[in-house]
Structure formats: C-alpha cells, structure tokens
Amino acid sequence: MVVNERLDLRGTIIMWAIILLEIPTLLLLIVLYAVGQLGDDGWQVILIVFGIMLSAFTLLMNIRLILRVDSYGLAFQSPPLVNGWKKFKPEEILSIEVKKSDGLMDYGGPGVRFSRTIRAYLFYTDYIVIMQTAQKKYVFSTQKPEEIQRIIDEWKKTTYEKTK
C-alpha cells in the first residue's frame, strides 16, 4: 500500500487575506502618487512595493507538502523550501502517530515552521502525523489518516516479527 498526498495553501483563506491586504495598499500608493504626495520618484516606490507583494504572494502560493508513506518508510518534500526528498525508514522512526488535530494552534499556524527541535508542515486539514526521530520531531498535515495508520500498523507488525 502506498499513500501519496499533496497539500498547499491555494484557495485557502490565507490567499484571499493576502490579496485583500495588497490591493488597498497598492491603491493607496497610486492615489498618493497621483495627488503628488510621493514626489517625483513615487512610481519607483510603487514598483518596489508591487514587486515585494508579488514575490511574497508567489512564495506563499508555491509552498506545498508532498508526502509519501509506503512499506519502505516515509518521504516528503516541501518545495520551494525543501526541494529534495527527505526519507525515513521505519527503523529510523522512534515513534509515529496519527492524531485528530489540525495542529494550527499547537505548532503556530498554517505553513512551514522550523525550529531547533521541530519541523512542522501544516495546512488546513483535520489530522496530523507526528513523527519523532533521533534528531527531530516532524509534524505533517494529512487528509488520509486511515491509510497512513494502516501502513504504520504494518510497520509495527513487521518490526515485531523481526524481533522474534
């Protein structure tokens, strides 16, 4: 069994909130330039602010989580921040659980969170996968908790059989 999942922020409230903040700001700058309050170089300010806003919007809309869970382990990538696949074999995972929680309040909101001990990849879902390795704790949002839990149970079963 293989679970492939792809999550992103497109179409969420974050996208609309950014748009609703950026448009009035640009309109205000254009009006200030039109009435002469920004000076002769005001068009440069408008272009710089527009470039920054476009870059921030593009970055947020391109952040995604690609999660793959199968009998060989768990692998993920989160372009544009983690472009290569990061892979974990079942033997490397100290503990793993699927939990009904959006993780937004516990781990700081939607998006990607980096700290010294935790890496959280959170999107708008109802379930999270919490994985502890020797180095770090990883938290992933998921829309397929039952399938992932079945694979985790298979890992535990094969690990138990190997120890016999």
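Points to keep in mind about this one:
- Selection of segment 24-41 for residues being in contact with a helix residue (DSSP H, G or I) (Cβ under 7 Å, 6 or more places away or on another chain) and either in contact (Cβ under 8 Å) with a residue 40 or more places away in the chain or assigned to a loop (DSSP other than H, G, I, E, B) (or both) yields only 38.
- The one condition from (1) modelled with pLDDT of 90 or more; (2) part of a loop (DSSP other than H, G, I, E, B) that residue 95 does not meet is (2).
- The single condition among (1) assigned to a strand (DSSP E or B); (2) farther than 22 Å from residue 6 by Cα; (3) modelled with pLDDT of 95 or more that residue 67 does not meet is (2).
- The number of residues in segment 1-36 that are of a type in the set (Ser, Thr, Tyr) and under 30 Å from residue 124 (Cα atoms) comes to 2.
- Cβ separations smaller than 8 Å between residues 6+ apart or across chains give the following pairs from segment 61-86 residues that are in the same structural domain as residue 153 (by TED's automatic domain parsing) and of a type in the set (Asp, Glu) to residues that are outside any strand (DSSP E or B) and surrounded by fewer than 16 Cβ atoms within 10 Å (Cβ to Cβ): 70/1; 70/2.
The values are calculated or read from the model by the stated rules, or taken from the named source; none is laboratory data. The structure presented is a predicted model; accordingly, all values stated were derived computationally and were not measured. Positions of Cβ are generated from backbone atoms using ideal geometry, with glycine treated the same way; all protein chains shown enter the neighbour counts.
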